[in-house]
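The values are calculated or read from the model by the stated rules, or taken from the named source; none is laboratory data. These numbers were taken from a predicted model, which means no experiment stands behind them. Cβ coordinates were reconstructed from backbone atoms using ideal geometry, including for glycine residues, and neighbour counts include every protein chain displayed.
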Amino acid sequence: MIPGLMQDVPLQISSILTYAASAHPRRAIVSRQIGEPMWRYDYAGLARRAAQAAHTLVRLGVSTGDRVTTLAWNTHRHLELFYAAPGFGAVLHTANPRLSDEQLAYTINHAGSEVLLFDRNLLDQVERIAPDLKYVKTYVMLSGREAHDSGAIGALCYEDMIAQEQAAFDWPRFDENAAAFLCYTSGTTGDPKGVLYSHRAVVLHAMGAGLASAFGFTAFDVVMPCSSLYHATAWGLPFVAPICGSSLVLPGDKMDGASLHELIDGEGVTFTGGVPTIWTMYLTYLEQTGQRPTLLKRVMIGGSAVPRAMAETFKTRYGVATLQIWGMTETCPLGVIASPTPALAELGPEAMQEIIWTRQGRLQFGIELKIVAEDGTECPWDGSTPGALKVRGPWVVGRYFRHADDANDLDGWFDTGDIATIDQNGFMRITDRTKDVIKSGGEWISSIDLENVAVACPGVRVAAVFGVPHPRWDERPLLVIEAHEGQQVSKEEVMAYLAARVVKWWLPEDILFGTVPLTSTGKIDKKCLRENHKTHFTRPD
Ligand code: ADP
């Protein structure tokens, strides 16, 4: 090998900001605030205020490599900190306000942050956990002067602080492998684990995600991230949009149907994305009010499986294409995404649609995939043999923060904890998470497939399927249903609907009605359901 002779320019997040400010300075950024009026500016304005925020952090004593925590929603101030902290070499830990107080304090302590910046409606939560925070010395409320409340913790006011600073920052050049973001998994198994994204990973991920085969944004798009900024950097949208010159609309903390529709229509959103629970609310709102989105073209959905019925409703009723994405905190998060290919087009429009609606997505440049059988051999890509899904690539975790061991196997593959099939076209389908698979009489039942059928039954809003210990079959599926408001649906109706569509031994052993609990990232909380119902089939009558 001989070294290449090209410029050695590191991949740094600050370059995204400076690019957007020079190439797309007037592209709008609109943000709903927390109890303050709607905020409007552009990429030039973002660059100015991110510079002021960076000076503020430096003034507070933050230096290269130090962690800074945000506890905040999808707002412009949070976006500014996405560029301010990593811009000068600090690390932004985006804490999740939906964690329990105990887990939240755990992650902030584990991160070792000395500065905590938070949204004003999270003041109570911050005051509650403050006595347990070992390293935080400075609290900053993300608000204007009028809305500011220093609370019992003596919080400083963000707007007051940045107003004193210069609107330009000479972003330093450093190693692209330096850490930029610290994102914790939601801790469904044990304590949350920290994934430390490097500048290189974030930039490459954003470039990969911007490709036409993935998010495919143009400078005409108006992008609204409804995945949280604190959850795997809102799927990289705060970086992909400026790279592509797309406008950004930030919905604050309001994800109910009416609030989303107001922004989608009012701001001309063409592309949005979030977990399925948000879109269930949005579709219910459209159905109840008779409203329709006018400019919205695509909605990216991921984090948990997209019910086929949801994708079909979006397309057939509203002309909106669904783009399913699979990924995890450990993959920044883009892994695969379900965009069409000529090979699918050859099968005809209906067959193509069916594949797009029922697969998590296809192989993307940058992420290698493989599925592995229990004996360690690779499973064929035949679309029917399931195996443990492993991934490898420049934006996949190498080692968790403060963990001694490598997170990967000896060949550098990361075991995702998901079970999947892959077909000859590279389309991947998740059948379950390893820990959610239902083992009944020695066979596996896919909880995702069953939920997908159940949620299409008229009257059903959310369906959760999980395995419960059973005296004869090891485990049997139990189905919990949350009905649409004001609609009645009976056990017999659901059972008959399922019986016409799935094999007999997959049918749930019982069906319950009630509220389905969600995790801190808006997914069905199967751990909680399993715990609450663990004796359903074994308790003595
Ligand atoms: P947590 O593990 O805390 O839930 P993540 O958000 O990182 O946090 O979750 C990643 C997991 O979410 C994946 O391993 C997979 O099980 C699930 N997931 C993500 N996207 C999809 C999808 N489109 N379909 C099915 N499962 C998905």
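Here are the numbers:
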item: Condition met for Ser100 (assigned by TED's automatic domain parsing to the domain that holds Lys137, crowded, with 17+ Cβ neighbours inside 10 Å and of a type in the set (S, T, N, Q)); result: no
item: Among the residues listed as Glu475, Glu492, the single one being outside the structural domain of Leu369 (by TED's automatic domain parsing), over 26 Å from Leu323 (Cβ atoms), of a type in the set (D, E, K, R) and surrounded by 15 or more Cβ atoms within 10 Å (Cβ to Cβ); result: Glu475
item: Of residues in segment 424-436 being near the ligand (Cβ under 10 Å from one of its atoms) and out of contact with any strand residue (DSSP E or B) (no Cβ under 6 Å at 6 or more places or on another chain), the one nearest to Arg308 (Cα to Cα); result: Asp436
item: Neighbours by Cβ (under 6 Å, 6+ apart or cross-chain): first from segment 327-339, touching a residue at least 40 places away in the same chain (Cβ under 8 Å); second within 6 Å of the ligand (Cβ to nearest atom) and hydroxyl-bearing (Ser, Thr, Tyr); result: Thr329/Thr185
item: Selection count where residues are closer than 26 Å to His205 by Cα and free of Cβ contacts under 8 Å to residues at least 12 places away in the same chain, scope segment 340-361; result: 1
item: Count of residues meeting criterion [more than 16 Å from the ligand (Cβ to nearest atom) and within 14 Å of the chain's Cα centre (by Cα)] in segment 211-238; result: 2
item: Identity of the residue in segment 405-451, at pLDDT 95 or above and aromatic (Phe, Trp, Tyr), that ends up surrounded by the most Cβ atoms within 10 Å (Cβ to Cβ); result: Phe427
item: Leading residue by the ranking (modelled with the lowest pLDDT) among those in segment 188-230 that are within 26 Å of Pro97 (Cβ to Cβ) and either surrounded by fewer than 20 Cβ atoms within 10 Å (Cβ to Cβ) or among the β-branched types (Val, Ile, Thr) (or both); result: Thr189
item: Helices (runs of 4 or more DSSP H) contained entirely in segment 271-389, each with at least 1 residues that are more than 16 Å from the ligand (Cβ to nearest atom) and under 29 Å from Thr233 (Cβ atoms); result: 276-289, 308-318
item: Thr421 vs. criteria assigned to a strand (DSSP E or B) and within 12 Å of the ligand (Cβ to nearest atom); result: no
item: Output for segment 165-208, where each listed residue is free of Cβ contacts under 8 Å to residues at least 60 places away in the same chain, in a loop (DSSP other than H, G, I, E, B) and either in contact with a Leu (Cβ under 9 Å, 6 or more places away or on another chain) or more than 15 Å from the ligand (Cβ to nearest atom) (or both); result: Asp170, Asn177
item: Complete set of residues in segment 125-164 that are under 20 Å from His93 (Cα atoms), in a helix (DSSP H, G or I) and without any contact (Cβ under 8 Å) to a residue 24 or more places away in the chain; result: Ala130, Pro131
item: Among the residues listed as Thr185, Thr272, Thr233, Thr284, the single one being in the same structural domain as Cys332 (by TED's automatic domain parsing), surrounded by 19 or more Cβ atoms within 10 Å (Cβ to Cβ) and not charged (D, E, K, R); result: Thr272
item: Exclusive hit being β-branched (Val, Ile, Thr) and under 22 Å from the mean Cα position of the chain (by Cα), set Ile129, Ile108; result: Ile108
